[in-house]
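Each value in this text was obtained by applying a stated rule to the coordinates, not by laboratory testing. Small disclaimer: the values here were computed from a predicted structure and weren't measured. For neighbour counting, all protein chains shown are included, and Cβ atoms are generated from backbone atoms with ideal geometry for every residue, glycine included.
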Amino acid sequence: MGDGDVGGLNQMNDDVTRGARLSGEDVEAYFSAGFQTVRKVLHAPDVFLEFDPSKTEIRLRTPATGSVPELSGFERFEIDLLDELANGSWVELRVDAEGNQYEAYLVMAAIVDLMRGGTSFATAAAVSVESFQEILKRRQKLSDEAQVGLFGELIVFENAIEVLAPEAVMEAWVGPANEEHDFVFADFDAEVKTTRSEARVHLVNSPTQLEPTLARPLYLLSIQLTAGGAASSARTLGDQITAVRRRLSVQLTRIFDERLMTVGWRPVDADQYPRRWVLRTAPTGYLVDDTFPAITSLRLQQVVPRAHLVSGINYRIDVSNLDPVVMPAPFRDLTGEKLT
């Protein structure tokens, strides 16, 4: 395969040295184009991605220089060896992208990223395809609790980039990676809790969620939402996501989209989340110190025999009558208005 037209298809040269990923809009445009498009995405080894709107399929081709991964047990994926006399043998991985166009692209991009780092095609494909299957299993609609929780984190994210560089906020936002705390900044951690109740009652999902790490200060950031109705400031979850995306660079937008996908958000499902929300009250911060009423693993060890055998702990906490604090930057303005 050369860098010109491939089999009569529209070939577009990629910047193969930077490894830049396409956005969801880019992928949608390829599938809406009405013709097949090939992109060269890697040299040494050569790797091509082909978008085929007629079959709603993405194909990855690379020289067959090693073993071929066994993918027969995975849905949506097929793999073949292609003998092309002029160019030797190539391996072709195909994925059915129907209803999952961006996710299908991401698994191919993940394979390319691993190969760029020196991983063989067989290993890169096996690892990435398995991860894609896990993503498919999480495709059901977000629960009400998950929707509200994500909305709250995005409010915090949007406010944080008013103060810090978006790159710094993105690095600090570790909630989608299932870390114990939602934001980990240089000098403190923050756990965002969002509720629709009139009181500041929040669900805590584990004994470690409100447990400081390595003597770092930990804050609970309490957010209350209520139905927005026709209020001009009301937003759906999709609106809130769009508001954040507009503030990010192309590179950060792609990272942002990938993190949203890991928690179950898919742009094509935006119409499934029509509820409009507004803040019921100003966000409030609380320092999680020795006087804070939290169930932690350390406290359990002090009072429960063989505490390591206890699991599945979750509880609700009402912080309405606790003394709030002004949190450090970038949340100082967000939590300080009602205290000044």
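If I model segment 144-335 as equal point scatterers sitting on the Cα atoms and use the Debye formula, what is log10 I(q)/I(0) at q = 0.14, 0.19 Å⁻¹? Each listed q maps to, in turn, -0.82, -1.45. Annotated for the chain: lysine pairs at least 8 residues apart or interchain, Cα distance under 23 Å, count 4.
A dipole drawn for the chain from +1 and -1 charges on Cβ atoms has a positive end, and of A109, V156, L334 the residue lying farthest that way is L334. Working ranking of peptides 252-260, 27-35 by packing, defined as the average number of other Cβ atoms within 10 Å per residue, highest first, is 252-260, 27-35. Projecting each Cα onto the charge dipole of the chain (Lys/Arg +1, Asp/Glu -1 at the beta carbon, about the Cα centre), which of H43, T242, T253 comes out farthest on the positive side? Highest projection toward the positive end goes to T242. The percentage of C-alpha pairs in segment 24-138 whose separation is greater than 22 Å is 28%.
Under the membrane-span-like helix rule (DSSP H runs whose alpha carbons stretch at least 20 Å along the helix axis, mean Kyte-Doolittle hydropathy -0.5 or higher), the chain yields 101-116, 121-137, 144-160.
Taking the Cα centre of segment 254-340 as reference, the dipole from Cβ charges on Lys and Arg (+1) and Asp and Glu (-1) amounts to some 220 debye.
For segment 184-321, a crude dipole built from +1 on the beta carbon of Lys and Arg and -1 on the beta carbon of Asp and Glu, taken about the Cα centre, is about 360 debye to the nearest 20. Remark: relative contact order (segment 166-267) = 25 percent; criterion is Cα-Cα distance under 8 angstrom and separation of 6 or more residues. P(r) tail, the chain: Cα-Cα pairs separated by more than 25 Å, 59% of all pairs. With helices as the sole contributors, the chain gives -9000 deg cm²/dmol at 222 nm; each DSSP H run of n ≥ 4 counts as -39500 (n - 2.57), and the sum is divided by every residue.
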